[in-house]
Every structure is written in C-alpha cells, then in structure tokens.
C-alpha cells in the first residue's frame with residue numbers, strides 16, 4: 001500500500017509501499033505527482049532500479065549525456081539528508097524553500113452537467 005510521509009522539514013516526503021521497477025498504476029502515479037507538488041522533493045527508499053527503469057520512470061537516459069549527447073551518465077550519490085541538500089542548493093544559488101502554494105482559482109463559467 002502506497003504511503004506518503006512528510007519529513008517535517010521545509011521540503012520533502014518519503015514514499016513507501018511502491019516498486020518503481022514495475023509499471024505504476026494511474027492512481028499511484030496521481031498520488032505521487034500530488035505529493036511532489038505539495039512537498040517539492042520525494043524520497044523513494046529501498047528501490048532497485050536498473051538503467052531501463054530509470055529511463056521509463058524518470059525519463060532519464062543513463063546511456064547518453066543530455067548535454068554532449070555522447071558518453072554515459074553515472075549516479076555518483078543519492079543525497080537524503082535535508083541539511084546537506086539545502087547547503088548544496090544555497091551554494092548553487094538555487095531556491096531552498098519551495099514556492100508558496102497559489103490559492104485555488106475560481107471557475108468563471110458554469111458547468112452544464114448532463115446525464116445523457
């Protein structure tokens with residue numbers, strides 16, 4: 001069963017109960033995308049993804065560098081400590097805090113529902 005546990009920090013939640021090496025159900029994908037929007041960063045512990053799964057799940061082709069289109073990419077670190085992530089983002093002059101959530105927009109046109 002898919003669970004999403006907020007870290008309690010400014011950013012992040014931990015997603016458990018899902019195997020990213022298998023195809024995702026539409027409901028689970030929807031919950032993951034909502035959690036990403038809410039928490040900014042998601043952690044998926046205990047996953048064992050091969051190169052094909054990384055490409056399928058994250059659209060990340062490890063066999064080709066996206067900048068030079070030659071060579072391969074390697075994962076050199078998986079950083080999970082919040083303060084380390086914030087330090088790196090500050091060093092890169094990137095936002096550390098997620099953007100404020102915008103209020104819901106009002107629908108300006110009436111819906112005409114039909115049971116036909």
* **Number of positions in the range 9-39 that are part of a loop (DSSP other than H, G, I, E, B), out of contact with any strand residue (DSSP E or B) (no Cβ under 7 Å at 6 or more places or on another chain), at pLDDT 85 or above and closer than 22 Å to residue 94 by Cα** => 0
* State the number of residues belonging to the range 70-96 that are in a loop (DSSP other than H, G, I, E, B) and at pLDDT 80 or above. => 5
* Which residue pairs have Cβ atoms under 6 Å apart, sit 6 or more places apart or on different chains, and have a first residue in the range 80-101 that is closer than 14 Å to residue 12 by Cα and a second that is at pLDDT below 80 and exposed (fewer than 12 other Cβ atoms within 10 Å of the Cβ)? -> 85/79
* To do: Can you give me the number of residues within the range 48-62 that are surrounded by 12 or more Cβ atoms within 10 Å (Cβ to Cβ), over 14 Å from the mean Cα position of the chain (by Cα) and not in a helix (DSSP H, G or I)?
  => 3
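The values are calculated or read from the model by the stated rules, or taken from the named source; none is laboratory data. As the structure is a computational prediction, the values presented were derived from the model and not from experiment. Here Cβ is always computed from backbone atoms with ideal geometry, including for glycine, and neighbour counts include all displayed protein chains.
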